[in-house]
């Protein structure tokens, strides 16, 4: 009887643990994000008002981002943004950081068809017999000068650390398995460490 009670308690406790831990971590991350964003503009309001107003900086940041979004979607606003980008691209050190970060952000933008991930794919990496999830980003052609033979390769981004760090792998056309999963599902699979991967993955055309 005592063993049965302990076993039942253990099962219930573990079940509650698996429900509680993700929720607690989620709230902690959201709380950190709120404090981080709020802390950017809140000191400015403190200098103006003379007292702290928690949340005002966060709301202001959301409104500011929304306004930038409105400006960036019209012709006049795009010209203004392009003007400031040209200025920033002339700053030697800043240019490298800005370009790298912008390309990374653009890769996840659904409005940027030229720079975004095109397909969620599977390739053999880092060796034959081992497969990895990746995102098809581009294609390139390699031309051998001696024989003039051209080889068409696919550039695949394989995340190695969550999503924002990874390797660029060049593979042949026949070595890419094009899944039927959309990009957002692929991102979910990567961030979950493969847990969110479906039991069966179908193939689709390029």
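Largest GNM mean-square fluctuation across 47, 82, 124, computed for the chain with C-alpha springs under 10 Å, falls on 47.
For the range 119-191, the equivalent ellipsoid built from the Cα gyration tensor has semi-axes of 25, 12, 11 Å, listed from largest to smallest. Rounded to 0.05, the FRET efficiency of the residue 59 and residue 14 pair, given R0 = 41 Å and the Cβ-Cβ distance, is 0.55. Structure remark: mean-square fluctuation, Gaussian network model of the chain, C-alpha springs under 10 Å; the largest value among 19, 176, 37 belongs to 19.
Please label the shape of the range 18-73 as rounded, prolate or oblate, based on the square roots a ≥ b ≥ c of the eigenvalues of the alpha-carbon gyration tensor (a/c under 1.5 means rounded; beyond that, a/b larger than b/c means prolate, else oblate). Oblate. Would you mind calculating the relative contact order of the chain from Cα pairs under 8 angstrom and at least 6 residues apart, reporting the percent as a whole number? The value is 10 percent.
With R₀ set to 22 Å, the beta-carbon distance separating residue 205 from residue 184 gives a calculated FRET efficiency near 0.65.
Once R0 is set to 41 Å, what does the formula 1/(1 + (r/R0)^6) return for the Cβ-Cβ distance between residue 131 and residue 45, expressed as a FRET efficiency to the nearest 0.05? After rounding, the FRET efficiency stands at 0.20. In the range 119-191, Cα pairs under 8 Å separated by at least six residues give a relative contact order of 32 percent.
Taken over the Cα atoms of the range 43-107, the convex hull encloses 135 Å³ per residue. Largest GNM mean-square fluctuation among 149, 86, 35, using the chain with Cα springs under 10 Å: 149. Taking other C-beta atoms within 10 Å as the exposure proxy, 150, 85 rank 150, 85 from fewest upward. Among 184, 175, the order by Cβ neighbours within 10 angstrom, fewest to most, reads 184, 175.
For the range 153-206, the spherically averaged projection of the C-alpha convex hull amounts to 3.9 nm².
By the compact-protein rule of thumb, 2.2 N^0.38 Å, the alpha-carbon radius of gyration of the chain corresponds to a ratio of 1.44.
Readers should treat all values here as calculations from the given coordinates under stated rules, not as data from a laboratory. Please read these numbers as outputs of a predicted model, since none were measured by experiment. Because the Cβ atoms are built from the backbone with ideal geometry, glycine has one as well, and the counts that use them run over all protein chains shown.
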